[in-house]
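Below is one structure; the comments refer to it alone.
The values are calculated or read from the model by the stated rules, or taken from the named source; none is laboratory data. Treat the numbers as computed from the prediction; the structure is a model and nothing was measured. Please note: Cβ atoms are built from the backbone with ideal geometry, for glycine as well, and neighbour counts cover all protein chains shown. Side chains included, ligands, DNA and RNA excluded: accessible areas come from the protein's heavy atoms. Shrake-Rupley method; radii C 1.70, N 1.55, O 1.52, S 1.80 Å.
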Amino acid sequence: MADAQNSVSTAARPMRLKDALRQARIEAADRTGVVVDLRDAEIARLEILNEALDPLFAEIPAGVELFDRGITQGDTPRLWIDVVAHVVMGRDKRMYRFVQDTAYGRIVLAESHEAAKIADAVTSYVARRLVERERALSLPPVQAAPPPAPPRRNGLWTFVLGFVAGALALFALALFAALRIS
């Protein structure tokens, strides 16, 4: 009977704030642990795809510097292919999404749960970029029209005209001064 009274008295008594804070901190740490685990799983999946792309990037000629592949581990982990294209995980953290940033916004190039399909999409993207590079390098350079030559002015005539005008002005001043004195 004493145990029954003891359990009733503890059930009726409210939880202390200190205990409630401790419980809330434990729950927050559990949620944070889940988020960290999901983020680590995202990075691991991106690393698997990165390893699947190793043979592709080994075939790219040495002089081509279009691609800068690497994984960034920010708030949203990304596997960068080049400056404008990257692979990011979807909301469910199992879907690969290959996207490209354009002047008109971000477009999705491919989306799949399978790393092999995304690797194929990245392969075709890399091939298209290499063809664009070859075309740009094979075009003859565009020569701009030369700017029109500025009109040449002969400074000699300006000097002669200024000299004559100055001499006439001095002569007129001397004549005016001579007439005034007399």
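When the residues of segment 76-122 are narrowed to those that are among the acidic types (D, E) and more than 22 Å from I60 (Cα to Cα), which ends up modelled with the lowest pLDDT? Talk me through it step by step, then tell me what you get.
First, pick out the residues of segment 76-122 that are among the acidic types (D, E): 82, 92, 101, 111, 114, 120.
Keeping just the survivors that are more than 22 Å from I60 (Cα to Cα) gives 92, 101, 111, 114.
Working: D92: 83, D101: 93, E111: 95, E114: 90.
This residue is D92.
Going by the structure shown, is L139 over 21 Å from R39 (Cα atoms) and exposed (fewer than 11 other Cβ atoms within 10 Å of the Cβ)? Give the steps one after another, and end with the answer.
On the way: over 21 Å from R39 (Cα atoms): yes; exposed (fewer than 11 other Cβ atoms within 10 Å of the Cβ): yes.
Taking the combined requirement at face value, the residue satisfies it.
Any idea how many residues of segment 60-71 are without any contact (Cβ under 8 Å) to a residue 40 or more places away in the chain, loosely packed, with under 13 Cβ neighbours inside 10 Å and not small (G, A, S)? It would help to see each step written out before you state the result.
Filtering segment 60-71 down to residues without any contact (Cβ under 8 Å) to a residue 40 or more places away in the chain leaves 61-63, 65, 68-71.
Imposing the further condition that a residue be loosely packed, with under 13 Cβ neighbours inside 10 Å reduces the set to 61-63, 65, 68, 70.
Of the ones still in play, those that are also not small (G, A, S) are 61, 65, 68.
Looking only at that region, the number is 3.
Those residues that are open to solvent by less than 50 Å² (accessible area, probe 1.4 Å) and more than 20 Å from the chain's Cα centre (by Cα), I need them from segment 91-109; list them, please.
Selection gives M95, Y96.
Kindly check whether there is at least one residue in segment 45-53 that is touching a strand residue (DSSP E or B) at 6+ places or on another chain (Cβ under 9 Å) and exposed (fewer than 14 other Cβ atoms within 10 Å of the Cβ).
Taking segment 45-53 and keeping what is touching a strand residue (DSSP E or B) at 6+ places or on another chain (Cβ under 9 Å), we get 45-47, 49-50, 53.
From what is left, the residues that are exposed (fewer than 14 other Cβ atoms within 10 Å of the Cβ) are 47.
Within segment 45-53, one or more residues are touching a strand residue (DSSP E or B) at 6+ places or on another chain (Cβ under 9 Å) and exposed (fewer than 14 other Cβ atoms within 10 Å of the Cβ).
Need the failing condition index for I118 against (1) in contact (Cβ under 8 Å) with a residue 60 or more places away in the chain; (2) open to solvent by 40 Å² or more (accessible area, probe 1.4 Å); (3) closer than 29 Å to L38 by Cβ, just the number.
Against the list (1) in contact (Cβ under 8 Å) with a residue 60 or more places away in the chain; (2) open to solvent by 40 Å² or more (accessible area, probe 1.4 Å); (3) closer than 29 Å to L38 by Cβ, I118 comes up short only on (2).
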